[in-house]
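Nothing in this text is a laboratory measurement; each read-out follows from the coordinates by a stated rule. Because the structure is predicted, anything quoted here is derived from the model rather than measured. Quick reminder, even Gly has a Cβ in these numbers, built from the backbone with ideal geometry, and neighbours come from all protein chains shown.
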Amino acid sequence: MNSAVRSISPGDAPGTLALPRMAVAAEGLTKRFGRLEVLRGVDLAVRPGRVTALLGPNAAGKSTFLKLLLGLARPDGGSLTVCGTPVAAGPEYRMRIGYMPQQARFPENLTGREVVRLLRDLRGDEVPEDDELFGTFDLAREMDKPVRTLSGGTRQKLNAATAFMFRPSLLVLDEPTAGLDPIASGVLKEKIARTRDEGASVLLTSHVLSELDELADDVIFLLDGTVEFQGSLRRLREATAEPRLERAIARLMQRRRP
Amino acid sequence: MTSAKVLRYELQDLRRSRWMLGYALLLLLLTDALLRFGGGGPRAVLSLMNVVLVFVPLVSVVFGTMYLYGARDFIELLLAQPVGRGSLFAGLYAGLAAPLSLTFLLGVGSPFLWNAPADTPVGAPLMMLLAAGVLLTLVFTALAFLASLVFEDRAKGLGAAILAWLAATVLYDALIVLVATVSSDYPLELPLLGLTLLNPVDLGRVLLLLQFDTAALMGYTGAVFERFFGSVLGIAVASGALALWCAAPLALARRRFGRKDF
């Protein structure tokens, strides 16, 4: 696996990284909203069994990429596959995805339990389950209250717990630690690392770059709708001669705008 | 299957909604008061007609639009699950239209149970009233879906929804009167008939008036309708046109939902 890791660099043609099967693979992905070209040919690969941080300044195209990945929006061009299945082939590929939106806004009159039951129902019966986070977050007492009465932090814990619930092979986490207290945030990061060790792939965005130093294995850095850098965190450090991700990213952006 | 699951969650959600409770209570009180003090069953039904024609579309389209904008984030979460957009849309529409219709049926129908007037039967007019109310609920819920899908901006969507209601209830009547007065020297029956078919609220009114046999007394469009079609055919044509009024915006909204970038 590690030899494959090193072969991925921004200069590589996307065709050369066909093996092993990527958790997410995009080739020449484009998307425009009206006259705004948000993604202009994105080639990237999220390697299986790794935590990949999707980074970039505001309006770089991160959320748009996540939307295309989740089927919330359709690409204009290029290809996008999840575990080898084209996203365009139908909704079944989302069976493999556990998604944690940035902010959970559940229907306000439902209880946590009802939300969980709905999400489970939508996946059918024979999905593996993992309710560990419901336990560690101590959500049991909150599950029968209407979601609207829960605090923002509790709602975010519920949000996180539901993303991990079906043992997805790909976790898509949008700012997972935002809105969580330091303890819960620590629990979640630990869970992310453990899920990765069990073989799942994780794609996450975060504005807290300092926490990614320990969490992320790979970095994909988007800038103006294209991939400016992708590869392992170590390679990023080597390439920029900066030990800390925060500085390394700053260096990347400087390089682009001299 | 997916639709049924989405429908069930939405029913759970709306069953506990204070807005739905308020809607039910308001209809209940209004109907009860009209039955007690409105002088007899058929006359109460006639007064209720105006409530149904004006109030039901308003609540359906405004509440529906607000609900859909509020549920936007959750709809996105649902779209990220392994479900197709078509079945999700069907579930969402049924989940909104069914509770609104049921609330209407309960709110308007139940006072008739304990206020049943002994002397005059209200059966058929009441049934027609309930049917027209449900049809209008379906139509204006579909319009709410369309508004919330066409406009990204919540304020614009709500504005469009209210405008649609205003157009169907107030502006359209004004237009018809204007057309009738300006061109009173010409034979107007067919153009007016056409205009009536273009407005769901007018269609609801025609349905009720034909049922009451007071069509000739109650305004131009009703009279024209009765003369042209006769009661039975008139009711069939008006219901058909209302069904079309429900299907067309729904099909548009469904198309839009299928292609939309959330």
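Name the residues whose placed amide hydrogens come within less than 5 Å of the amide hydrogen of A:THR111, ignoring near sequence neighbours (fewer than 5 apart) on the same chain.
A:VAL147
Cross-link partners among aspartates and glutamates for B:LYS260, C-alpha distance below 15 Å, same-chain residues fewer than 8 apart left out?
A:ASP76, B:ASP73, B:GLU76, B:GLU152, B:ASP153
In terms of modelled amide H atoms, which long-range or inter-chain residues lie less than 5 Å from the amide H of A:VAL227?
A:ASP43
Could you give the size of the charge dipole of the range A:19-100 about its Cα centre, using +1 on the Cβ of each K and R and -1 on the Cβ of each D and E, expressed in debye and rounded to the nearest 20?
On the way: 12 positive and 5 negative charges, 32 e Å.
For the range A:19-100, the charge dipole is close to 160 debye.
Work out the mean other chain Cβ neighbour count within 10 Å for the residues of A:113-126 and drop it here as an integer. Don't skip to the answer; put the middle values down first.
Numbers: counts 0, 4, 4, 0, 4, 11, 5, 1, 8, 11, 3, 3, 0, 0.
Taking the mean over all residues of the peptide, I get 4.
Restricting to the protein assembly as shown, what percent of DSSP beta bridges are antiparallel, rounded to 5?
Details: 22 of 38 bridges.
That works out to approximately 60 percent antiparallel.
Can you work out the Karplus-derived ³J(HN,Hα) for every residue in the range B:132-142? Use 6.51 cos²θ - 1.76 cosθ + 1.60 with θ = phi - 60°, whole Hz, and x for glycine or proline.
4, x, 5, 4, 5, 4, 4, 5, 7, 5, 4
Using the basic label-point model (7 angstrom from Cα toward the beta carbon), what is the B:VAL179 to B:ASN50 distance in nanometres?
2.4
If you plug each phi of the range A:208-213 into the Karplus form 6.51 cos²θ - 1.76 cosθ + 1.60 with θ = phi - 60°, what whole-Hz ³J(HN,Hα) values come out, in order, with x for Gly and Pro?
Result, rounded to whole Hz: 8, 5, 5, 6, 7, 3.
As I understand it, the dipole of chain B uses +1 on the Cβ of Lys and Arg and -1 on the Cβ of Asp and Glu, about the Cα centre. Which of B:GLY91, B:PHE112, B:ALA160 lies farthest toward its positive end?
Checked the options; the winner is B:GLY91.
Of the lysine pairs in chain A, how many meet both conditions: Cα atoms under 25 Å apart, and a spacing of 8 or more in sequence or different chains?
11
Helix B:231-259 versus the longest principal axis of chain B: what is the Cα-based angle in degrees, 0 to 90, to the nearest 10?
Here the helix axis deviates by roughly 20 degrees.
Amide H to amide H under 5 Å from A:SER201: which residues, 5+ apart in sequence or cross-chain, H placed 1.01 Å off N in plane?
A:GLY49, A:LEU170, A:LEU171
Would you work out which of B:LEU28, B:LEU79, B:SER17 lies farthest towards the positive end of the dipole of the range B:1-101? Charges go on Cβ: Lys and Arg +1, Asp and Glu -1.
B:LEU28
Per residue of the range B:53-62, what does 6.51 cos²θ - 1.76 cosθ + 1.60 with θ = phi - 60° give for ³J(HN,Hα)? Whole Hz please, x for Gly and Pro, Karplus curve as stated.
Using θ = phi - 60°, the values come out as 5, 9, 7, 4, x, 4, 4, 4, 6, 6 Hz.
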